[in-house]
Amino acid sequence: MISHIVTVFWRDWIVLKRRLTRYILARMVSPILYLIAFGWGLGRNITMTTGSYLDYIVPGIIALNSMNICFAALGTPVNMSRLYHKTLEEYLLAPINAFSYVVGKVLAGVMRGLISSVIIIFFAYLFGAQLKINAWFLLALFMNCAVFAALGLVAALFMNSHEEMSNFNTYVLTPMSFLCATFFAPSQLPAFLYWIIEILPLTHASYALRQSSLTGEIPGLSLIVLAVYLSSLLWIGVRKMQQLQD
Amino acid sequence: MLELVGLTKKYGDRTALAGINLSVNNGEVFGLLGPNGAGKTTTIRLLTMLSQPTAGSIAINGLSLSHDGRQIKAVIGVVPQHLNLDNELTAQENLELHGRLHEINALERKTRIDELLEFVELSDRKNDIVQTFSGGMKRRLMIARALLHRPKILFLDEPTVGLDPQVRRRIWELVRHLSGEGLTVLLTTHYIEEAEALCQRVAILDKGSLIALDSPQALCRGLGEYVVEWEGEEHLNTRFFPERSKAAQFCNSLAVTATIRRSNLEDVFVELTGRKVVER
Ligand SMILES: Nc1ncnc2c1ncn2[C@@H]1O[C@H](COP(=O)(O)OP(=O)(O)OP(=O)(O)O)[C@@H](O)[C@H]1O
Ligand SMILES: [Mg+2]
């Protein structure tokens with residue numbers, strides 16, 4: 001089973017490796033824009049009770065960026081491979097179990113998420129952010145990547161067209177990237193909206209990244225919430241893979 | 001080797017396959033011949049577990065498809081009708097991926113990949129991205145991929161559709177070679193010549209039902225090995241004869257000019273269904 005997970009991961013790695021430089025360059029663009037707009041531009045006029053606004057939003061930017069990268073790493077490619085290129089058949093025809101495929105793919109998505117997060121952290125320091133990176137921060141980052149890679153995979157297995165995939169992006173991911181404690185604390189919002197946001201995974205990723213990087217505390221509850229999301233999504237993904245026969 | 005009993009597949013109210021019974025012998029090249037929509041691909045998809053039968057059972061190599069899926073996947077090789085190679089990988093990487101998924105160890109994988117690329121004449125394109133390949137090259141690479149894990153039975157769904165005559169001949173040669181090595185092959189086609197050239201036995205499929213099953217020769221013999229054709233008032237008239245002399249005799253007795261030729265699977269199909277396999 002491990003060897004199959006490695007194989008599934010290996011395929012995505014060699015594809016990425018071939019255009020790694022281009023990939024890294026492209027991943028620099030939006031973090032730099034976020035840092036300029038919200039860190040330098042907007043942030044200069046915002047006073048926080050503790051620390052700078054830049055320190056506040058960097059964990060949020062990491063959370064939303066790794067969400068988008070990990071979802072995109074699996075969402076459209078797997079959806080296309082199932083519906084259009086039919087390359088998913090290669091895995092369905094092979095004597096491997098669905099779990100190996102799902103885990104291998106999710107790890108490949110996590111890899112991309114981590115690469116782009118390293119880029120943001122690098123620029124954040126360059127812009128003068130003061131976050132502390134510790135094991136809990138890395139765990140929270142890994143979990144966030146895995147949750148959204150798994151969500152991308154699940155969406156890819158359920159959605160029956162490219163359009164549905166992009167709708168999913170518009171109606172689910174984009175609102176989350178703005179509302180889920182990325183740029184401001186959701187407690188400032190009306191109560192009903194606050195409670196919806198409070199159960200979303202990205203909110204807990206932002207909380208966990210912020211808490212661990214600013215205070216060094218263990219973000220226990222948020223990590224548990226992310227773990228629940230991750231295991232549920234993996235389970236749904238494996239079940240769906242097993243039932244892909246028409 | 002392969003046994004289908006009462007195999008049925010329905011998509012909603014549409015019956016794609018209406019209770020097929022057939023068995024393929026070890027080492028045989030078996031053909032499923034039928035027009036578009038006859039149910040050929042449906043059969044292959046059921047045999048390869050990409051699709052679930054509505055009713056009926058399949059056994060491959062003594063294993064039941066519904067219970068021993070994993071073991072069966074290890075002994076079948078599949079070349080689907082559509083091209084499904086990974087376009088972002090090179091030829092060699094496509095094979096490498098397949099070899100890894102089938103747990104072939106690194107050493108054997110390497111020699112086997114080189115051997116098969118040689119076999120399908122793609123050694124010189126080994127490190128090229130598959131995206132840059134022609135249809136015929138992709139098809140050949142798919143055959144190499146299907147053979148990599150040394151399957152006991154090979155499924156080829158329309159292996160030569162859309163290919164020029166030269167590449168088609170080349171693929172026929174590959175199939176003959178494999179059959180000579182003892183591999184069991186089940187292929188589907190809607191080309192009469194292909195079924196006649198390759199298959200020891202042919203099942204004719206029409207609208208999801210099996211309407212004939214025998215060797216191409218026996219099917220033609222059943223009809224009469226010789227055909228006399230002559231222009232009628234509205235359409236071409238045909239009549240079948242078991243011997244050439246009888247056909248010639250009949251020819252001479254006609255008032256109009258007529259031709260004699262050997263019968264083929266097309267005639268069998270037309271006689272059984274009143275239609276042609278490929279509408280012209
Ligand atoms: N996924 C599906 N959903 C609904 N109907 C389907 C599906 N797949 C096949 N069919 C129907 O099943 C019937 C048999 O199709 P199949 O693809 O097996 O034909 P075929 O013999 O392979 O034809 P061709 O020569 O065109 O490849 C057709 O009527 C087709 O419309
Ligand atoms: Mg078909």
- line: Only one of B:Leu33, B:Leu83, B:Leu47 is under 19 Å from the mean Cα position of the chain (by Cα) and within 14 Å of B:Leu210 (Cβ to Cβ), namely B:Leu33
task: For region A:179-191, indicate whether the set of residues that are of a type in the set (A, V, I, L, M), buried (at least 18 other Cβ atoms within 10 Å of the Cβ) and more than 14 Å from chain B (Cβ to nearest Cβ) is non-empty.
output: yes
task: For residues that are assigned to a loop (DSSP other than H, G, I, E, B) and either within 19 Å of the chain's Cα centre (by Cα) or β-branched (Val, Ile, Thr) (or both), tally how many sit in region B:50-60.
output: 3
field: Answer from B:Val78, B:Val120 - the residue that is within 16 Å of ligand 1 (Cβ to nearest atom), touching a residue at least 24 places away in the same chain (Cβ under 8 Å) and within 27 Å of A:Trp13 (Cβ to Cβ)
entry: B:Val78
query: Under the condition of being in contact with a helix residue (DSSP H, G or I) (Cβ under 7 Å, 6 or more places away or on another chain) and more than 14 Å from chain B (Cβ to nearest Cβ), which residue from region A:1-29 is surrounded by the most Cβ atoms within 10 Å (Cβ to Cβ)?
result: A:Arg27
query: Among the listed residues A:Val58, A:Val78, A:Val102, which satisfies the condition of being under 21 Å from the mean Cα position of the chain (by Cα), surrounded by 19 or more Cβ atoms within 10 Å (Cβ to Cβ), closer than 27 Å to A:Leu200 by Cβ and within 14 Å of another protein chain (Cβ to nearest Cβ)?
result: A:Val78
field: B:Val228 vs. criteria of a type in the set (Val, Ile, Thr) and either part of a helix (DSSP H, G or I) or over 26 Å from B:Asn36 (Cα atoms) (or both)
entry: yes
field: Identity of the residue in region B:39-66, among the aliphatic types (A, V, I, L, M) and in contact (Cβ under 8 Å) with a residue 24 or more places away in the chain, that ends up nearest to B:Glu196 (Cα to Cα)
entry: B:Ile44
Lone qualifier among B:Glu121, B:Glu108 - being more than 8 Å from chain A (Cβ to nearest Cβ), under 26 Å from the mean Cα position of the chain (by Cα) and surrounded by fewer than 20 Cβ atoms within 10 Å (Cβ to Cβ): B:Glu121
- request: Take region B:1-21 and flag every residue that is more than 14 Å from chain A (Cβ to nearest Cβ) and part of a loop (DSSP other than H, G, I, E, B).
  value: B:Met1, B:Asp13
query: Residues in region B:74-100 that are touching a Ser or Thr at 6+ places or on another chain (Cβ under 6 Å) and at the interface with chain A (Cβ under 8 Å from one of its Cβ atoms): how many?
result: 4
- prompt: Which members of region B:10-38 meet the condition of being in contact (Cβ under 8 Å) with a residue 60 or more places away in the chain and more than 16 Å from B:Ala195 (Cβ to Cβ)?
  reply: B:Thr15, B:Ala16, B:Leu17, B:Ala18, B:Gly19, B:Ile20, B:Asn21, B:Asn25, B:Asn26, B:Gly27, B:Gly37
message: Among the residues of region B:40-56, are any away from chain A (no Cβ under 13 Å) and away from ligand 2 (no atom under 16 Å from the Cβ)?
response: yes
field: Scope region B:36-56; condition within 7 Å of ligand 1 (Cβ to nearest atom), surrounded by fewer than 19 Cβ atoms within 10 Å (Cβ to Cβ) and not small (Gly, Ala, Ser); matching residues
entry: B:Asn36
query: Among (1) closer than 20 Å to B:Arg139 by Cβ; (2) at pLDDT below 95; (3) not basic (Lys, Arg), where does B:Leu156 come up short?
result: (2)
field: Unmet criterion (only one of (1) in contact (Cβ under 8 Å) with a residue 24 or more places away in the chain; (2) within 10 Å of chain A (Cβ to nearest Cβ); (3) more than 27 Å from B:Val130 (Cβ to Cβ)) for B:Gln71
entry: (1)
statement: When (1) more than 16 Å from ligand 2 (Cβ to nearest atom); (2) outside any loop (DSSP other than H, G, I, E, B); (3) more than 12 Å from every other protein chain (Cβ to nearest Cβ) are applied to B:Asn26, the one that fails is (2)
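The values are calculated or read from the model by the stated rules, or taken from the named source; none is laboratory data. Not measured: the values here are computed from a predicted model. A quick note on method: Cβ atoms are made from the backbone with ideal geometry, for glycine too, and the neighbour counts reach across all protein chains shown.
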